[in-house]
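Visitor: Handing you this structure, nothing more for now.
The values are calculated or read from the model by the stated rules, or taken from the named source; none is laboratory data. Fair warning: this is a prediction, and the values are worked out from it, not measured in the lab. Positions of Cβ are backbone-derived with ideal geometry, glycine not excepted, and every protein chain shown enters the neighbour counts. These accessible areas exclude ligands, DNA and RNA; they are computed on the full protein's heavy atoms, side chains included. Shrake-Rupley method; radii C 1.70, N 1.55, O 1.52, S 1.80 Å.
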Amino acid sequence: VSKTAEVYRSFISERMMIYAHSLRYKIYANLLVLSGLIALLAGYSMYYFPAMNSVFHFMPLLLLPLCRFSVLFSIRNFPYAVLYSCSWFFLFAVSSFHAERLVDVFLYVVVLWGSVFIALRDEYKQYIFDCFVRCLACVFFVSLLEYFVLQLTGFSISLGVLHRSEDFWGEYNQLLFNVSHLGTYGARFQSLAEEPGVVGTLTAFLLCTLDTKRYKKERYVFWVAGLLSFSMAFYVMMLLYYVLSVKKVFRLVAIGVCVLIFALIFQNQFQEQVFDRITGEAEFDTRTHDQFESLYEIAKARGDLWLGCGYGSHLVKLEGSGEGNAGMYPFIYEYGYIGAFVILSVFSWISLRLNGASKESLIILVVFLASFYQRANIYISPNIIVLFAYSLQKRIN
């Protein structure tokens, strides 16, 4: 009896230890999911507190000593994580030297966060990917319900008026689950994100990668959210993906007809935000301003763009008016052609190594690199979660 009791106590103790360890790592994985969701929250929202994004990305780094590396990380993935962080740190060092200005600490934190995610064991990455997709779909679904109520009835619960740091963006209305622009942009869906383009770019990327059977409901939500964002990036990325991947012409025509019907229903918004920009009736590239474009051309003529002019250099020269510039050109101005080539090459190589060099992964990579033109912040945690884990949904049950 005593031996049986001893064996039983030993078994219970071992089970409790395993449960405690698994719970600890599950909490850690959920913290990474939360970091990805927080990264999408608008910095001017009432739900955002100062340095919120930095805090939630720094916490997983701070809690690393509490985890066993052999349990959490994969030796196979570790070299990719080192390469990823080293390439960014090299870029930051060269940029700081040129501009004589230190790179924002937040960028180092986000890069280290990305390195941690890349080094994780595949089962943890797949769990984070799955939770992130499902949580984001739930957030967008609730936001869309409020969005439709506002558009159809005009009723909304306003928590106050918001102002972005740049005066030219105008005012926003803070709703329960949405941030609604009060200017001339029309009814564009952006949930609680920084702007509609964030929703459009991310949903396009997710629709290109999500398994059609496993995430059927989530795909419907992302389709509606992406279409209603009226983000030209969404339409261009989806067009590029389906042209490259769809084998049956009938399916491509069917998708085109659905988009055409949607464009007729929301004719004014679609024409202003998408059609006029594609046809040249309106400015195609709204990511940079005239002052920055002049500065860029001067640096190009001088040959300064090979290594770049340094981090934040255009902000200094334009006396702060360069804050509204984003996308590929400001990135090249800061880090140079060589810097852009290094980063995109590293992203491409790691992605193909982790996801496999198949036709599907090549098409997804092309679509992702195309988004770099509009949004050069490819290092943000939602992009890292999707790009370096999407293939696991088919390999891990």
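Visitor: From the list F132, F140, F117, pick out the single residue that is under 23 Å from the mean Cα position of the chain (by Cα), surrounded by 19 or more Cβ atoms within 10 Å (Cβ to Cβ), modelled with pLDDT of 90 or more and under 20 Å from R353 (Cα atoms).
Guide: F117
Visitor: Grab the helices (runs of 4 or more DSSP H) fully contained in region 189-258, keeping just those with 2 or more residues being of a type in the set (V, I, T) and surrounded by 15 or more Cβ atoms within 10 Å (Cβ to Cβ).
Guide: 196-209, 216-229
Visitor: Which condition does I265 not pass, out of (1) at pLDDT below 80; (2) loosely packed, with under 12 Cβ neighbours inside 10 Å; (3) farther than 21 Å from S143 by Cα, if it passes all the others?
Guide: (3)
Visitor: Within region 98-105, is even one residue at pLDDT 90 or above, open to solvent by less than 70 Å² (accessible area, probe 1.4 Å) and of a type in the set (A, V, I, L, M, F, W, C)?
Guide: No, because not a single residue in region 98-105 is at pLDDT 90 or above, open to solvent by less than 70 Å² (accessible area, probe 1.4 Å) and of a type in the set (A, V, I, L, M, F, W, C).
Visitor: With the structure loaded, tell me whether Y47 is aromatic (F, W, Y), at pLDDT 90 or above and open to solvent by 80 Å² or more (accessible area, probe 1.4 Å) or whether it fails that test. Steps first, please.
Guide: Details: aromatic (F, W, Y): yes; at pLDDT 90 or above: yes; open to solvent by 80 Å² or more (accessible area, probe 1.4 Å): yes.
Considered against the rule, which asks whether it is aromatic (F, W, Y), at pLDDT 90 or above and open to solvent by 80 Å² or more (accessible area, probe 1.4 Å), Y47 comes out as yes.
Visitor: Determine which member of the set V367, V346 is out of contact with any Cys (no Cβ under 7 Å at 6 or more places or on another chain) and aliphatic (A, V, I, L, M).
Guide: After ruling out the rest, the residue left standing is V346.
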